[in-house]
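Have a look at the structure below before the remarks.
Just so it is clear, none of the values below were taken in a lab; they were calculated from the coordinates. The model shown is predicted, which means the values in this text are computed figures rather than measured ones. For neighbour counting, all protein chains shown are included, and Cβ atoms are generated from backbone atoms with ideal geometry for every residue, glycine included.
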């Protein structure tokens, strides 16, 4: 950026207080870079007991809360529940359904009778 492009900016920057950089600035920056964790060292720090114990406790408490709050969809015994097909039948059609049930039972018992005739 040239001084002619924005004269007010350059005037403002000229009034700013100059800062002095420490003679050890580069050394301090390199030291901080070297102190940064390498590879999986950050992962090992997370596995320390100081952090792992509270996180495990939090996970156990969360799972216990979810299990305590969770309710099954229906608390009715499945054997006591009426099938949907029977529930959809009109009361007038109960006799027809009963006749069909008897017919199906008779057909199932005839299955064994058919096999004996072919012997």
* With each pseudo-label sitting 7 Å past Cα toward Cβ, what's the residue 68-residue 9 distance in nm, one decimal? -> 6.0
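Hey, with R₀ at 35 Å, roughly what FRET efficiency would residue 43 and residue 19 work out to, going by the Cβ-Cβ distance, to 0.05?
Given R0 = 35 Å and the Cβ-Cβ separation, E is 0.35.
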* Would you mind computing, in nm to one decimal, how far apart the modelled labels at residue 55 and residue 28 are, each placed 7 Å from Cα along Cα→Cβ? => 3.2
* Structure fact -> Of the convex hull drawn through the C-alpha atoms of segment 23-69, the volume per residue in Å³ is 99
